[in-house]
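Report on one structure; see the data block that follows.
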Amino acid sequence: HYQYVILDVVDQDSLKTIANALHQLPVLGGSSALAEELPVNVRERNIQGLGSLPPSNGMGILCAAGSLMPQTKAQVEYMRQKGASILELDTLKILDDGERTMTIQELCRRIGAALQQGDDVVVHTSNDPEVVAETKKMGQAQGQSTTEVSRIVSEALAEVVASCVEQLGLNRLLIAGGDTSGAVCSRLGIKGMRVWQELEPGIPSCISLGDVPLFLVLKSGSFGGPDFFAKAIAHLRTGS
């Protein structure tokens, strides 16, 4: 037999009643009017981890930039001029199985030392065109496509971030690059986020859902002006 229910409405209250009854179903079809009332039910559900900002630990803010976009490069250089600690993840060593683990561990050690001194840290992947080309060439020699090389680099940067979170108790992060943001969220086990505040069009800060919330800014590599990292870090530090 069929398990379908076809409904009609006479007013907005009807939509509220239907949304309240059906909001947990995995698939709903029909007029977009029903979608107007569904968020009300989602908002009112008791989702763990929707509280206030996680407390600051007093250390500097970590930014991980994996994008090769010129906007991201300009943002990294802006932070360099402002006195932030700028560290590079050597992508050639990441592709070398014999050096990968040691490279990540040493980078984490340097990041931790700077953050504990109160310095803001920007760790970025190699963005010099010659190094990027050499990284791709090295990957191809190992039988990896350009996409696979990008994934390996993103996952390595995510491992750096996760190690710093686990070792230092970091709970405020700025991540630049779509692939990098996805890799970091996956590595940290983030399943959902609550939007906290819009910093620029299309770039909000968020609080991750769960027992140990993180205060995050995730952005595409092409978004934001040269000073965006500085603005985002200031926001992550204060929450305002």
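Read the figures in this text as sums done on the coordinates, not as results from a lab. Remember, predicted model here, so these are calculated numbers, not experimental data. Counting neighbours? That spans all protein chains shown, and the Cβs are built from the backbone with ideal geometry, glycine included.
Quick notes on this structure:
- Counting neighbouring Cβ atoms within 10 Å and putting the fewest first, the residues Val5, Val121 line up as Val5, Val121.
- Derived scalar couplings between HN and Hα for region 216-232 equal 10, 10, 10, 9, 5, x, 8, 8, x, x, x, 8, 5, 4, 4, 5, 5 Hz in order, rounded to whole Hz, by the Karplus curve 6.51 cos²θ - 1.76 cosθ + 1.60 (θ = phi - 60°), x for Gly and Pro.
- Of all aspartates and glutamates in the structure, the ones whose alpha carbon falls short of 14 Å from that of Lys136, not counting any fewer than 8 places away in one chain, are Asp90, Asp96, Asp128, Glu148.
- For the pair Gln3 and Val40, a Förster radius of 22 Å applied to the C-beta separation gives a FRET efficiency near 0.30, rounded to the nearest 0.05.
- Dipole size of the chain about its Cα centre, with +1 on Lys/Arg Cβ and -1 on Asp/Glu Cβ: approximately 340 debye, rounded to the nearest 20.
- Pairwise label distance in nanometres, Arg151 with Gln24, each label 7 Å out on the Cα-Cβ vector: 3.6
- Residues Met138 and Thr238, FRET efficiency given R0 of 45 Å [Cβ-Cβ distance, rounded to 0.05]: 0.60
- Per-residue [θ]222 nm for the chain (sum of -39500 (n - 2.57) over DSSP H runs n ≥ 4, rounded to 500): -15000 deg cm²/dmol
- Separation of alpha-carbon centers, region 113-167 and region 175-240, rounded to whole Å: 18
- Inter-site label distance for Glu106 and Glu130 at 7 Å from Cα along Cβ, in nm: 2.1
- In this structure the amide hydrogen of Asp120, modeled in the peptide plane, comes within under 5 Å of the amide hydrogens of Ile61, Ser85, none closer than 5 places in sequence on its chain.
- Virtual paramagnetic centre 7 Å along Cα→Cβ of Leu209, amide N under 11 Å, in region 182-197: 191-195
- For the chain, built as a Gaussian network whose Cα springs stay under 10 Å, the top-fluctuating residue of Gly202, Gly112, Gly60: Gly202
- GluC sites (Glu not before Pro) within region 81-115: DSSP coil, no more than 15 neighbouring Cβ in 10 Å: Glu99
- Given charges at beta-carbon only (K, R positive; D, E negative), |dipole| of region 159-240 in Debye: 120
- Label point distance in nm, Gln197-Glu99, each placed 7 Å from Cα along Cα→Cβ: 4.2
- Entry for Rg and Dmax of the Cα atoms in Å (calculated from the structure that is shown) out of [x] 21.6, 81; [y] 19.3, 63; [z] 21.5, 69: [z]
- Charge dipole of the chain about the Cα centre (unit charges at C-beta), most positive-ward option of Met69, Pro204, Ala84: Ala84
- Across the options Ala33, Val122, Thr238, the greatest Cα extent toward the positive end of the charge dipole of the chain (unit charges at beta carbon of Lys, Arg, Asp, Glu) belongs to Thr238.
- Tilt relative to the chain, helix 33-44 - C-alpha long axis, 0 to 90 degrees, to 10: 70
- Integer Hz, Karplus 6.51/-1.76/1.60 couplings in order for region 143-156, x for Gly and Pro: x, 9, 6, 4, 5, 5, 5, 4, 5, 4, 5, 4, 5, 5
- Sorting 192-201, 226-235, 148-157, 77-86 by average packing, meaning the other beta carbons within 10 Å per residue, from highest down gives 148-157, 226-235, 77-86, 192-201.
- The chain: angle of helix 178-188 to the longest principal axis, Cα-based, in degrees nearest 10: 80
- Leu199 long-range amide H proximity, modeled H, under 5 Å: Ser205
- Amide proton proximity set for Ser126, modelled H, under 5 Å, gap of 5+: Leu89, Thr91
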